[in-house]
Amino acid sequence: MAGKRYVAVVGCRNYFEPKLLKPGLVLKLVKEPENLYDEEAIRAELEPFGKVGYVANSVHTVPRGCASAGRIYDTFKDSCYGVVRFVVGDTAILELLKALHVGVVIHEDLADDRISGRLYQESGSY
């Protein structure tokens, strides 16, 4: 399937305040094969907070235009990444990423002996 792929992360209210999720944040999606309730469960994690929800996998929770956890489960090995594009209530819509490159930039100011850093990311969409 060409083009961008989207999934919905639901149940955010059960773990953290949904206001924590903002457009642009990158979430790690991790298969959870030991889940007793859904053998295709995929949890969403936000560092350093941990689990913030699950990828929707029910006809009642998957919004139109989004793929279910079952649809994407076999498209990656153990984990993949998605970037938050929209947040509605306690549901976040993520665009799945093909690749995530993270780097650190360190600036050294020799005038006042200070070092500052920032984290940046580059991503590739499906």
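The values are calculated or read from the model by the stated rules, or taken from the named source; none is laboratory data. Since the model is a prediction, treat every value here as computed from it, not as a measurement. Every residue, glycine as well, gets a Cβ built from its backbone with ideal geometry; the counts of neighbours run over all protein chains shown.
Only one of (1) of a type outside the set (A, V, I, L, M); (2) at pLDDT 95 or above; (3) in a loop (DSSP other than H, G, I, E, B) is not met by N35, so which one is it? Of everything listed in (1) of a type outside the set (A, V, I, L, M); (2) at pLDDT 95 or above; (3) in a loop (DSSP other than H, G, I, E, B), N35 misses just condition (2). Taking the conditions (1) buried (at least 21 other Cβ atoms within 10 Å of the Cβ); (2) out of contact with any Pro (no Cβ under 8 Å at 6 or more places or on another chain) in turn, A8 satisfies each one other than (2). Restricting to segment 16-40, name every residue that is in contact (Cβ under 8 Å) with a residue 24 or more places away in the chain, within 18 Å of K77 (Cβ to Cβ) and either surrounded by fewer than 15 Cβ atoms within 10 Å (Cβ to Cβ) or of a type in the set (D, E, K, R) (or both). Of everything in segment 16-40, those that are in contact (Cβ under 8 Å) with a residue 24 or more places away in the chain, within 18 Å of K77 (Cβ to Cβ) and either surrounded by fewer than 15 Cβ atoms within 10 Å (Cβ to Cβ) or of a type in the set (D, E, K, R) (or both) turn out to be K28, K31, E40.
Name every residue in segment 85-112 that is basic (K, R) and modelled with pLDDT of 95 or more, in order of residue number. Passing the criteria: only R85. Considering each residue of segment 32-86, count those that are under 13 Å from L96 (Cβ atoms) and of a type in the set (K, R), and give that number. Summing the residues that are under 13 Å from L96 (Cβ atoms) and of a type in the set (K, R) in segment 32-86 gives 2.
Note on segment 46-75: residues that are out of contact with any Gly (no Cβ under 6 Å at 6 or more places or on another chain) and without any contact (Cβ under 8 Å) to a residue 40 or more places away in the chain amount to 14. For T75, the conditions (1) buried (at least 18 other Cβ atoms within 10 Å of the Cβ); (2) among the hydroxyl-bearing types (S, T, Y); (3) modelled with pLDDT under 95 are fulfilled apart from (1).
Quick one: is R43 in contact with a Gly (Cβ under 8 Å, 6 or more places away or on another chain), among the basic types (K, R) and surrounded by 15 or more Cβ atoms within 10 Å (Cβ to Cβ)?
Numbers: in contact with a Gly (Cβ under 8 Å, 6 or more places away or on another chain): yes; among the basic types (K, R): yes; surrounded by 15 or more Cβ atoms within 10 Å (Cβ to Cβ): yes.
It is true that R43 is in contact with a Gly (Cβ under 8 Å, 6 or more places away or on another chain), among the basic types (K, R) and surrounded by 15 or more Cβ atoms within 10 Å (Cβ to Cβ).
In this entry, G53 passes the filter for residues that are touching a strand residue (DSSP E or B) at 6+ places or on another chain (Cβ under 7 Å), surrounded by 11 or more Cβ atoms within 10 Å (Cβ to Cβ) and at pLDDT 90 or above.
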